[in-house]
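The next block holds one structure in the form of structure tokens; read it before the comments.
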Amino acid sequence: MNDTAYAAERQPDPEEEQVLAVIETEIPALPRDEHQLIPSLQGIQNRHGYLPRGGLVMVARHFGLPASKVYGVATFYNQFRFNPPGRHPIKVCLGTACHVRGGDIVLENFERKLGIVEGETTADREFSLERVACVGCCALAPVVLVGEKVEAHVTPSKVEGVVTQVEIENEMAVRAAEREEQCHGKTD
Amino acid sequence: MRNKVTMTVDGLEISVPAGTTVLDACLDNGIYIPNLCHLDGMEHPPASCRLCLVEVDGMRGPVTSCTLAAVDGMVVHTNTDEVRELQKLAFRMLVSCNQGNCRVCMANKRCDLQQIAKFLHLPLRTKQMRHIPKDVPEVLTDHPCIVYEPNKCVLCGRCVYVCERRGNPFSLSFANRGFNTIVTFFGSEAEGVEDACRDCRACVDICPVGALSFADERERHLRLVEAGKGRRKAG
Amino acid sequence: MARPTELLASLAAPARNEWGKIRQPERPLITVGNATCGRAAGSGDTIAGFREALAEKGIGADIRTVGCMGHCYAEPLVTIHYPGFPPLLYQKIGAGEARVLVNSFLVAGEDPCFEYLIGALEPNDTFPTLMDYPRYLYEKRLIMEHCGVIEPGSIDQYLAVGGYRALARALEQGGERVVEEITAAKLRGRGGAGFPAGIKWEIARNAAGTPKTVICNGDEGDPGAYMDRTLMESNPHQVLEGLAIAALAIGAERALLYIRAEYPLAVEMVEKAITDAGERGLLGKNILDSGFDLEVEVFKGSGAFVCGEETALIQSLEGKRGMPQHRPPYPAVVGLDGNPTVINNVKTLSTVPLIINHGSDWFRGIGTEDTPGTAIFSVVGEVEYPGLVEVPMGTTLRHLIDEICGGIAGGREFKAVQIGGPSGGCLPASELDTPIDFDSLRRAGAMMGSGGMVVMNDSACMVEVSRYFIDFTQKESCGKCTFCRIGTRHLLDILTDLTKGRATEEDLDELKELSAGIIKGSLCSLGKTAPNPVLTTMRFFMDEYLAHVRERRCPACMCRELTAYYIDLEACARGCDACVACCPTEAIFTTSNRKKAIDQEKCVKCGECVYACPPEYDAVRKVSPPYLVPDQGVVPLGKDEATEGGEDDA
């Protein structure tokens, strides 16, 4: 339950302020029928990656519901998260087949490698780590989702590779951007 | 005039208005059945505490009496071995994740758990079962003036029910899921909540175990208990 | 006014024509299984590989993507229709294999690449057909007949294979007749409980209150079961047709499909199917000019296993926390928004069109007397051919596991099969002759559940397996009622202690007592069935529990706290570094005689080194309890002055 926002005293977060400003503009277009509450929350999370506390309050006001009710609904379902996800969300499948093949050790290795526990996001917001019940690729167990990509047969020793792969891609992107800048610098 | 139905409870014949639940029928006739989540006049009883079990002739296994309408000729047993076993197990479960320091608790001597413990002849601290506290903070203070102690709470839901019934626009709700379910005041930072809640008091007053309390009253109570302890020590 | 069947016939005729051309193509046709599991196995790369290779060779061929056949072990699956050949099914076709197929087969139709071939889809003189394999021969594909064959996004292909004929017929017969037929067919709900669908429909049909609703329950939450997803992804129209017939039967005006949000492809396929069917007048207003209206929508479930329970599902649809409610009243009488609501599983609804088409007598002829029809299982774990299997009810577990799924993989020993997901039970070898049907499985202590089946070999620890399932149900408990909320947490605590060697024999009694109480006292079926894995493993594998308690030993060497790894210096090869490279915690070091040893303090017991160690050495040993690690007098390299070469540190 690392993800539930107990910490009432949270630091104001400029990134979150921005997200909230956007959510505020989206609210009027939402329906007001309580049946549409969960789809509305899903929509917000799809667009922003998570449900900020302030966003829940706005949704509640729009639907004419107590904020606590909306919070209660959101914290009931596995899908909703209240912290921003990493740019590379890692989801470790712990369905039966994956578990039998060592999915929990894979998760532990990710925790060790990234220095966070399941449900958290790294300080640089690069990675977040989650467990998922079953992604339905049981014949490929153990399975890890990196972003939308399914990594099949992820043995514990492959964990390092998965993380390094992302880091290398980032590094390449940075370098490419630098080169681009240099080129532009020359042409200017 | 409503029709009356006559039923037999533990060999005793009682008559109640049709539509009464078996639980209410028994309570109204001085037959105690342990219960936590039930409140008078609930349209859809949550049946969540699982304490008010009874056995009924012709029905398989113990059933919750709060969800059972009294029917003419019904034969109810409130104290069979199986009923008592299950009630004791449920009670032990409830106190196994409860803080149980009655001496400093504001609900001391008027707590439903104490009453049920006495009724079932059980201690308030179970030795048979492990003590497993919930994985949540001990005290939650997200309300401007009401304090919530998750490890005292038995999640009966009475507070949620009464608050909703009063139509409070900032009512409280259950949050999280499973073992770590709590009651939340999320969003109660809003203007006017403090005064309204002080006037209403419904949730604090209805709580059967003292898990909800006004912060200042709790503070005062704890000071008094502390002082009392000091006096006893001195004496 | 044309009759619905006539209208449908006029819709289906051109579709059938088109389908005939697809099946007898003039130029090569490649179909690639592209459902979730195919995609995970890399079907995207396969398709790209085919495109590239075809373009290079300048070959004109069509590529179509179909759903899933359920042969997960063989993904990505590819079928090639080459003029002059029967359609040929190939397994494990990645981009590289795709290139080989193009270069060897598609270029001139010479070498059909037997090395990748499973078999031909049709009888012929040259190629083995699928029916030559037990896996295909013993399966009875009724519900899944068209899965992986037709394109799920094409309503025409579904029409061509006889789709929506049952709906047209039902519209002519009327709802009452449909309920009679389904009741006569003795169709039992495939969601797990096995309640007769016809009776449920009849109750809802006779109940007062409008609008009535039918809901397709696609909130498949069982970790390890994915047949509902496959049906929705691979043949969504069949589900919709069943749903529309159910709506007609009970007099509902609206229908919902509750699909897990984690199944984006299923949502996409079903939504497309709804739109397409609406455009053809098969859903929406005045269906097939019969005057029957039905609005169909998709609701995405947000991930709560308990929402598979009917009353919780309804709460969730109403925008609330998905907490089960006391029954009665049953949803068929008081359901969504207080009105009669029928909730049927995806498999149940997919079966409905078949019954309407072929009649209840035909249906009752399949399976057993009390449970007619077929069962779909997702068989995963240690079998040779994991995947989705559809068999007639009454098939024995032994037949399913040994014949159809190829038995235990890697020549190991069968130990147990876990049936019915987290609410099911674990059955040992002695129960393998149990026939698969609702009542037999329940008697054996397991249950049909949603149809998840995990086969385990001798490396699985039954205590750990039951801990895993309780961990799941405990996390997914809604938290409403005392027994389930707190009871499952206690079960988990004790089981966790058992796997760590910290439990006592009193704890075993406590497990039994708690389990019995949870079953009797819980509010909904999640709680009432949660202890099943504990009770069945205790019943059949008590010796393992006792070993964990009395000897602090895990007989299967699976519980990590009770197990240790060491390297047999006799078997270890000097100079080999395979295990060192794979160890995630750098626990393996080089010994003074340049062999390898494990630092027990650092070892996390992941078992990687077992797989990394070359089979010709096979030097890593596993023991339980850990104190059995022999003292081999290991000295790390460099720590021993007498050793030469002590200067380089491993």
Under a Cβ-only charge scheme (Lys and Arg +1, Asp and Glu -1), can you give me the dipole magnitude of the stretch C:18-129 about the Cα centre, in debye to the nearest 20? 280 debye
As an exercise, take the mean of 1/r over every pair of distinct alpha carbons in the stretch B:4-79, invert it, and state the Kirkwood radius in angstroms. 12.1 Å
Listed peptides C:394-401, B:165-172, A:136-143, C:625-632 by packing density, highest first (mean Cβ within 10 Å): A:136-143, C:394-401, B:165-172, C:625-632
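Could you tell me what percent of the accessible area of chain A is made up of carbon and sulfur, with a 1.4 Å probe and every protein chain present?
The value for chain A is 51 percent carbon and sulfur by accessible area.
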Give the distance, in whole Å, between the Cα centre of the stretch C:72-127 and the Cα centre of the stretch C:181-214. 44 Å
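Give the ranking of C:Lys347, C:Lys475, C:Lys200, C:Lys639 by solvent-accessible surface, highest area first, calculated with a 1.4 Å probe. Numbers along the way, then the final one.
On the way: C:Lys347 10, C:Lys475 85, C:Lys200 35, C:Lys639 150 Å².
So the residues, ranked largest to smallest area, are C:Lys639, C:Lys475, C:Lys200, C:Lys347.
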Leaving out ligands, DNA and RNA, and with a 1.4 Å probe, what % of the accessible surface on the stretch C:18-129 is carbon or sulfur? 45 percent
HN-Hα couplings for the stretch B:115-125 via Karplus (6.51, -1.76, 1.60; θ = phi - 60°), in whole Hz with x for Gly/Pro, come out as 4, 5, 4, 5, 4, 8, 6, 10, x, 7, 10
With the dipole of chain C worked out from charges on the C-beta (+1 for Lys and Arg, -1 for Asp and Glu) around the Cα centre, which of C:Leu535, C:Met456, C:Thr341 lies farthest toward the positive end? C:Thr341
In whole percent, and with a 1.4 Å probe on the protein chains, what portion of the accessible area of the stretch C:258-404 is carbon and sulfur? 46 percent
I want to check the label-to-label distance for B:Tyr32 and C:Val635. Put each point 7 Å from Cα in the C-beta direction and report it in nm to one decimal. 7.6 nm
Length-normalised contact order for chain A - Cα pairs under 8 Å, 6+ apart - percent: 18 percent
Quote the relative contact order of chain C in percent (integer), defining contacts as alpha-carbon pairs under 8 Å separated by 6+ residues. 11 percent
If you place +1 on the Cβ of every Lys and Arg, -1 on the Cβ of every Asp and Glu, and leave all else neutral, what size is the dipole of chain C about its Cα centre, to the nearest 20 Debye? 1720 debye
Separation of the stretch C:387-409 and the stretch A:149-168 by C-alpha centroid, Å? 34 Å
With runs of 4+ DSSP H residues as the only contributors, calculate the mean residue ellipticity of chain B at 222 nm using -39,500 (n - 2.57) per run, divided by the residue total and rounded to the nearest 500. -9000 deg cm²/dmol
So, relative contact order of the stretch C:485-582 in percent, Cα under 8 Å, 6 or more apart, is 30 percent
On a straight-distance basis, which lysines could pair with C:Lys140 in a cross-link, Cα separation under 18 angstrom, same-chain partners fewer than 8 positions away excluded? C:Lys347
At most 10 other Cβ within 10 Å, DSSP loop - GluC sites (Glu not before Pro), the stretch B:136-191: B:Glu191
Report the number of Lys pairs in the stretch C:150-309 whose alpha-carbons are under 28 Å apart, with separation of 8 or more residues or on distinct chains. 11
For C:Lys500 and B:Leu124, FRET efficiency with R0 = 41 Å and r from the beta-carbon atoms, rounded to 0.05? 0.90
How many Cβ atoms of partner chains, on average, are near each residue of A:89-97 if near means within 10 Å of its Cβ? 5
Treating the beta-carbon of each Lys and Arg as +1 and of each Asp and Glu as -1, no other charges, what is the dipole magnitude of the stretch A:14-76 about its Cα centre, to the nearest 20 debye? 200 debye
Residue-normalised accessible area of the protein assembly as shown, expressed per residue, 1.4 Å probe, Å²: 41 Å²
Accessible area lost on pairing B with A, both sides, 1.4 Å probe, Å² to nearest 100? 1500 Å²
Shielded residues, the stretch B:129-146 - accessible-area loss of 50 Å² or more between chain alone and all protein chains, probe 1.4 Å: B:Arg130, B:Ile132
What accessible area, summed over both chains, is buried at the A-C interface (1.4 Å probe, Å², nearest 100)? 3600 Å²
With every protein chain left in place, what is the accessible area of C:Lys622 in Å² (1.4 Å probe, nearest 10)? 90 Å²
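With a 1.4 Å probe, what is the total accessible area buried between chains B and C, in Å² rounded to the nearest 100? Provide the component values of the computation, followed by the final result.
On the way: alone 13150 and 26510 Å², together 36920 Å².
Rounded to the nearest hundred, the buried surface is 2700 Å².
For peptide C:273-285, compute the average count of partner chain beta-carbon atoms within 10 Å of each residue's beta-carbon.
Average neighbour count from other chains, rounded to a whole number: 0.
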Probe 1.4 Å - accessible area at C:Glu616, Å² to nearest ten: 130 Å²
Do you know which residues of the stretch B:68-101 lose at least 40 square angstrom of accessible area in the protein assembly compared with their chain on its own, with a 1.4 angstrom probe? B:Leu86, B:Leu89, B:Met93
10 Å Cβ neighbours from other chains, averaged over peptide A:125-138: 6
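For C:Tyr627 and C:Thr210 in the same chain, what is the full-extension length gain: residue separation times 0.36 nm, less their Cα-Cα distance, in nm?
Values: separation 417, 0.36 × 417 = 150.12 nm, distance 6.91 nm.
The span from C:Tyr627 to C:Thr210 would gain 143.2 nm if fully extended.
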Using the Cα centre of the protein assembly as shown as origin and beta-carbon charges of +1 (Lys, Arg) and -1 (Asp, Glu), tell me which of C:Met393, B:Met74, C:Met323 is placed farthest towards the positive end of the dipole. B:Met74
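Are there GluC sites (Glu not before Pro) in the stretch B:24-123 that DSSP puts in a loop and that have at most 11 other Cβ atoms within 10 Å, and which ones? Kindly include the intermediate steps, with their values, before the conclusion.
Working: sites: B:Glu43, B:Glu55, B:Glu82, B:Glu85; in loops: B:Glu43.
For GluC sites (Glu not before Pro) across the stretch B:24-123 that sit outside H, G, I, E and B with at most 11 neighbouring Cβ atoms in 10 Å, the list reads B:Glu43.
The values are calculated or read from the model by the stated rules, or taken from the named source; none is laboratory data. These figures come from a predicted structure and were not determined experimentally. Because the Cβ atoms are built from the backbone with ideal geometry, glycine has one as well, and the counts that use them run over all protein chains shown. Side chains are part of the model used for accessible areas, which takes the heavy atoms of the whole protein and leaves out ligands, DNA and RNA. Shrake-Rupley method; radii C 1.70, N 1.55, O 1.52, S 1.80 Å.
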